[in-house]
Amino acid sequence: MNKLNPWRTGAALAVTVAIGYVICALIFVAFPDASVAFLNTLFHGLDFRRLQPAAGGFSLAGFGAVALVMGAWAFVIGAIFAVVSNLGGR
């Protein structure tokens, strides 16, 4: 069985999560009402409209900070996954 490289696996997951976050953020910025309606349906009717930011609530600094944290978290999770997978494959 081929072993996974923790650095490469972590990086692959980090990039994947970052791309997903960018796409999600773009959809939310472009279609805020439809996005909240989708979340309300997805979570069985919970009302997410109260969580919508006021006009002008989106900032690139906030976006970048969240993207960085999510990317770092995904990298760690991907690296741990690779290590655990390698240990389980022996």
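Couple of notes before you dig in:
- On Cα atoms only, tilt of 6-30 relative to the major axis of the chain in degrees: 10 degrees
- Once C-alpha pairs closer than 8 Å and six or more residues apart are averaged by separation and normalised to the residue number of the chain, the relative contact order reads 65 percent.
- Think of a 1.4 Å ball rolled over the protein heavy atoms: the chain then has 76 Å² of accessible area per residue.
- Distance between the 7 Å Cα→Cβ label points at residue 83 and residue 11: 1.9 nm.
- Value of D in µm² per second that Stokes-Einstein yields for the chain, Kirkwood Rh from Cα pairs, at 25 °C (0.890 mPa s): 161 µm²/s
- Of all accessible heavy-atom area on the chain, the percent that carbon and sulfur account for (1.4 Å): 74 percent
- For the peptides 6-19, 32-45, residues were scored by their other Cβ atoms within 10 Å and the scores averaged per peptide; the highest-first order is 6-19, 32-45.
- Cα long-axis angle, helix 60-88 against the chain (0 to 90 degrees, to the nearest 10): 30 degrees
- Between residue 69 and residue 3, the modelled label-to-label distance comes to 3.5 nm, taking each label 7 Å out from Cα in the direction of the beta carbon.
- Stretch gain in nm, segment residue 58-residue 41, where the contour uses 0.36 nm per residue and the Cα spacing is subtracted: 3.8 nm
The values are calculated or read from the model by the stated rules, or taken from the named source; none is laboratory data. Source: prediction; values computed, not measured. Glycine also receives a Cβ, built like all others from the backbone with ideal geometry; neighbour counts cover every protein chain displayed. The accessibility values were calculated without ligands, DNA or RNA, using every heavy atom of the protein model including side chains. Shrake-Rupley method; radii C 1.70, N 1.55, O 1.52, S 1.80 Å.
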